[in-house]
1. Could you grab me the full set of residues in segment 41-60 that are more than 24 Å from Phe112 (Cα to Cα) and part of a helix (DSSP H, G or I)?
2. Looking at Glu280, Glu256 in this structure, which one is of a type in the set (Asp, Glu), in the same structural domain as Val197 (by TED's automatic domain parsing) and in contact (Cβ under 8 Å) with a residue 24 or more places away in the chain?
3. Can you report the number of residues in segment 156-188 which are of a type in the set (A, V, I, L, M, F, W, C) and farther than 19 Å from Asp58 by Cβ?
4. So, in segment 168-185, of the ones that are in contact with a Pro (Cβ under 9 Å, 6 or more places away or on another chain) and of a type in the set (Phe, Trp, Tyr), which residue ends up surrounded by the fewest Cβ atoms within 10 Å (Cβ to Cβ)?
5. Exactly one condition in (1) surrounded by 15 or more Cβ atoms within 10 Å (Cβ to Cβ); (2) at pLDDT below 50; (3) on the phi > 0 side of the Ramachandran plot is not met by Gly29; state its number.
6. Got a number for residues in segment 247-274 being within 17 Å of Gln231 (Cα to Cα) and among the β-branched types (Val, Ile, Thr)?
7. Do we find that Lys236 is touching a Phe, Trp or Tyr at 6+ places or on another chain (Cβ under 8 Å), charged (D, E, K, R), touching a residue at least 60 places away in the same chain (Cβ under 8 Å) and closer than 27 Å to Ala48 by Cβ in this structure?
8. Tally up the residues in segment 196-246 that are of a type in the set (D, E, K, R) and either under 14 Å from Gly259 (Cα atoms) or touching a helix residue (DSSP H, G or I) at 6+ places or on another chain (Cβ under 8 Å) (or both), please.
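The values are calculated or read from the model by the stated rules, or taken from the named source; none is laboratory data. Model, not experiment: these values are computed from the prediction. FYI the Cβ positions are ideal-geometry reconstructions off the backbone, even for glycines, and counts take in every protein chain you see.
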Amino acid sequence: MSKRSAAWLAGWIALGALCAVARAQEGVGDVVYVPTPQTVVEAMLKMAKVGPNDYLIDLGSGDGRIVVTAAKKYGTRGFGVDLDTVLLKRAHESAKREGVTDRANFIEQNLFETDLAQATVITSYLLPEMNEKLRPKILKLKPGTRVVAHDYHMGEWRPDDNDTLVVPEKTVGNPGISYIFMWYVPANAAGTWQAAVPVAGQTLAVDVSFDQRFQMLSGNAQINQRPAQIQGARVKGEEVTFWLVTGSGAGAIRHEFNGKLQGDTLTGILRVHAGKKVGEAQFSAKRTAPGKLDLSAAEPPAAAL
């Protein structure tokens, strides 16, 4: 067999294995279990900053290592779902062996039918098309819910954090390398906002109109009726951060907003950077007109004529 033919065959074998994994996670076809390496489990939980006040749901939990590790190391409560009864038995035995049955449970259930409402953290090792199928359901959860995935992304919903690990024992996907992605379910900050902020001996009249796609914000703004450029605007759970820049060059003034969203009120700290001088004040902005949070998939490009 030529090298080219061997490479082609190896590619098809790898693709077949991945498809089998997808079928196994959806509860059809032969069961193929691909465990998340323990070093990756530890890194996922560290990235999510899980703790005793969290409730973790692992989608496609296999032998239960993520839920059990979170319960034993961090006191986290939660459960895993899987359709493989053999793996579920192993997971229950692991929880019993580690003494965490009061915090770690496992359920025989299709992950697409799982109620995620109580989760503060969701973990998974699913193929991209499965993540994207789950995405609308996840985005309806409470703002700030953390989602951590091993290896595979969420399509147009870009991660808020990510890491790459060298994992010599990993033999599937990209052998020897694992990718971790994390998202925060974003609150809706879209709409028109107004604030009057006393700072550095003057009052700033701030008007901002935000459009929002997933966690990213764009739009237009004014400060004291002067145009301001929006930079670095995004939502992380209920936290909203953005910069408004007036002027240009050496005379540019940068207004750094860091606030927490509660309904139609955004409160936090404003720092005004003018050269080497930094003024600071608390601000409270009111939403005067609502906006729509865009969570849709991107439209496919138009076909060339």
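1. Glu42, Ala43, Lys46, Met47 - these are the residues of segment 41-60 that are more than 24 Å from Phe112 (Cα to Cα) and part of a helix (DSSP H, G or I).
2. Exactly one of Glu280, Glu256 is of a type in the set (Asp, Glu), in the same structural domain as Val197 (by TED's automatic domain parsing) and in contact (Cβ under 8 Å) with a residue 24 or more places away in the chain, namely Glu280.
3. Keep residues of segment 156-188 that are of a type in the set (A, V, I, L, M, F, W, C), which gives 157, 165-167, 172, 177, 180-183, 185, 187.
Subsequent filtering for residues that are farther than 19 Å from Asp58 by Cβ retains 157, 166, 177, 187.
Residues that pass the stated criteria total 4.
4. Tyr184
5. Result: Gly29 passes all but (1).
6. 3
7. On the way: touching a Phe, Trp or Tyr at 6+ places or on another chain (Cβ under 8 Å): yes; charged (D, E, K, R): yes; touching a residue at least 60 places away in the same chain (Cβ under 8 Å): yes; closer than 27 Å to Ala48 by Cβ: yes.
Yes; evaluated as a whole, the condition is true for this residue.
8. Pass one, segment 196-246, residues of a type in the set (D, E, K, R): 207, 211, 213, 226, 234, 236, 238-239.
Checking which are either under 14 Å from Gly259 (Cα atoms) or touching a helix residue (DSSP H, G or I) at 6+ places or on another chain (Cβ under 8 Å) (or both) leaves us with 234, 236, 238-239.
Adding up the residues that qualify gives 4.
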